[in-house]
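Worksheet: the structure to be examined is printed underneath.
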Amino acid sequence: MAEFVGFAVPACAGALLADADAAVALPVILAAGAVEGAVLGAGQAAVLRWALPRFPWRRWVAVTAGAAVVAYLIGMSPSAFAGVWQSWPVAVTAPVAAVLGLALLCSIGCAQWTVLRRLTGHAGWWIAASAAAWLAGLAAFLLVTMPLWHPGQALILIIAIGIAGGLAMAATMAAVTGVAVRRLLP
């Protein structure tokens, strides 16, 4: 539920700023990503506090919010800096895209690992589990939204489609990370 609620902020911001210049849109989207990360981190911390005594929920929320900003920066980079990389040869852009994609998928899990590693012996698996959850969640988001979005749609419809995609993403991610948490925790 936390990811669904948190994602509504960047979904709305993105819809409102769809035609804005990158210099305007990027800082707003990054701030919205921080909100999403903080809400996600708070929801996850609420669950983890039950299982782990003295769970450092403030640190968890902070690292999750910070990592979400990094993930959004990576995700927004292709469009925000299109003028820079479009002239690069495919032999350069393909490996750069692969590295950035991997960094995006691992950003939140790596940040959260810095907290989990002090609490469980198998915390390294959280990075892979979180990356798998984000990959599956983003795929679910795209499967819902891409067939529905069309040029010229009303803003409210664009937001509603984004939120529906966010629900699919959040449910998918919750399923994957829920299984991972049950296996990682003592």
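The values are calculated or read from the model by the stated rules, or taken from the named source; none is laboratory data. For clarity, every value in this text was computed on a predicted model and none was experimentally measured. Note that each Cβ is placed from the backbone with ideal geometry, even for glycine, and that neighbours are counted across all protein chains shown. Surface accessibility is based on the protein's heavy atoms, side chains included, excluding ligands, DNA and RNA. Shrake-Rupley method; radii C 1.70, N 1.55, O 1.52, S 1.80 Å.
For this structure, a couple of remarks:
Residue-wise test of (1) under 28 Å from ALA15 (Cβ atoms); (2) modelled with pLDDT under 95; (3) assigned to a helix (DSSP H, G or I).
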site	(1), (2), (3)
GLY33	yes, no, yes
ARG54	no, yes, no
ARG59	no, no, yes
GLY66	yes, no, yes
ALA71	yes, no, yes
ALA97	yes, yes, yes
CYS106	yes, no, yes
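- If you go through segment 35-52 and keep only what is more than 21 Å from PHE4 (Cβ to Cβ) and in a helix (DSSP H, G or I), you end up with just ALA51.
- Among the residues of segment 108-126, the ones that are of a type in the set (Ser, Thr, Tyr) and either in a helix (DSSP H, G or I) or out of contact with any helix residue (DSSP H, G or I) (no Cβ under 9 Å at 6 or more places or on another chain) (or both) come to 1 in all.
- Checking ALA67 against (1) closer than 30 Å to ALA23 by Cβ; (2) hydrophobic (A, V, I, L, M, F, W, C); (3) surrounded by fewer than 17 Cβ atoms within 10 Å (Cβ to Cβ), the condition it does not meet: (3)
- Whichever residue in segment 146-156 is closer than 13 Å to ALA15 by Cα and open to solvent by 80 Å² or more (accessible area, probe 1.4 Å) and, among such residues, is modelled with the highest pLDDT: ILE156
- In segment 82-97 there is no residue that is surrounded by fewer than 14 Cβ atoms within 10 Å (Cβ to Cβ), out of contact with any Lys or Arg (no Cβ under 9 Å at 6 or more places or on another chain) and under 25 Å from ALA62 (Cβ atoms).
- Neighbours by Cβ (under 9 Å, 6+ apart or cross-chain): first from segment 123-137, in contact (Cβ under 8 Å) with a residue 60 or more places away in the chain; second not in a helix (DSSP H, G or I): ALA123/ARG117
- Qualifying positions in segment 6-39 - buried (at least 16 other Cβ atoms within 10 Å of the Cβ) and touching a residue at least 60 places away in the same chain (Cβ under 8 Å): PHE7, ALA8, PRO10, ALA11, CYS12, GLY14, ALA15, GLY37
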